[in-house]
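See below for the structure under consideration.
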Amino acid sequence: MGNDIYIREETFTYLRNNGYHVNMLENVGEVISYIAKESPHLIILEDRLPHHEGIHLCKKIRESSDVSIIMVSHLKTSVNKIEGLNAGADDYLTMPYDLEELEARINANLRRRALENSENAYLKAGRVTIDMKSFQVFLEGEKIALYAKEIQLLIFFMKHPNQVFSTEQIYNHIWGVEHHGDLKTVTVHIRNLRKKIEANPAKPDYIQTVRGFGYKFNKNLNP
């Protein structure tokens, strides 16, 4: 553990001395609060044994934020790397790492995210617009209030227009395959989302039911 502290402090000093604005946070509550208030460009997230705190925190962050995440860990197998990436990390680096390589990966992720943001700053379909930087949703130009899971659902649908997804596929994508909840959760969230974006929730234009298969998003609508 002492060696981990040394690596952490050495990384903090190196990045600060190279012109990055860096903060070092120690627990889940601090990280979640900081992301909500400060909207950082990137997070270096350490996955620690024995409880895989980094994996759990990464999943927690992904419930409400699209911030770039580089996960660092002493765990070096392909299984560990896949687990980290599946949890939502954008990159995975094993410890101890070369600080110049870390910086190169930071810059690569920041460049990629900047390009994505410039190309995909907004998702639009008919009367619905999502600001992908702030994750705010607008209906006919007016901001509407959606819960995090509702926004994730809407983004998922809008990024996959006219594709049919089963309830189970939607659940696995939004809540994750490791969860074992009731699939009715999907139905409830879609019903609530329809109430907020559809002119007539009983006859939805956007999120349409495909009987016997699931749901699809109709993007071919006039503004």
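The residues of the stretch 90-149 that are over 21 Å from GLU10 (Cβ atoms), open to solvent by less than 60 Å² (accessible area, probe 1.4 Å) and aromatic (Phe, Trp, Tyr), listed by number, are PHE135, PHE138.
A Cβ distance below 9 Å, combined with a sequence gap of six or more or placement on separate chains, defines the contacts here; from the stretch 2-26, residues that are over 13 Å from ILE106 (Cα atoms) and acidic (Asp, Glu) reach residues that are open to solvent by 50 Å² or more (accessible area, probe 1.4 Å) and not in a helix (DSSP H, G or I) in the pairs ASP4/ARG48; ASP4/HIS74; GLU9/MET24.
Working carefully through the options ILE70, ILE130, ILE144, find the one that is within 20 Å of ILE5 (Cα to Cα) and in contact with a Phe, Trp or Tyr (Cβ under 8 Å, 6 or more places away or on another chain).
Details: ILE130 fails: within 20 Å of ILE5 (Cα to Cα); ILE144 fails: within 20 Å of ILE5 (Cα to Cα).
None of the other options fit; the residue is ILE70.
If you check ILE55 against the conditions, is it among the β-branched types (Val, Ile, Thr), part of a helix (DSSP H, G or I) and open to solvent by less than 80 Å² (accessible area, probe 1.4 Å)? Here the answer is yes, as ILE55 does meet what is asked. The numbered conditions (1) out of contact with any Lys or Arg (no Cβ under 7 Å at 6 or more places or on another chain); (2) closer than 16 Å to ASN86 by Cβ; (3) hydrophobic (A, V, I, L, M, F, W, C) are all true for VAL31 except (2). Of the residues making up the stretch 44-99, those that are small (Gly, Ala, Ser) and more than 22 Å from HIS21 (Cα to Cα) are SER64, SER73, SER78, GLY84, ALA87, GLY88.
The values are calculated or read from the model by the stated rules, or taken from the named source; none is laboratory data. In this text the structure is predicted, and so the values were computed from the model without any measurement. Don't worry about glycine lacking a Cβ; one is built from the backbone with ideal geometry, like all the others, and counts go over all protein chains shown. Quick note on the areas: whole protein, heavy atoms, side chains included, nothing else; ligands and nucleic acids left out. Shrake-Rupley method; radii C 1.70, N 1.55, O 1.52, S 1.80 Å.
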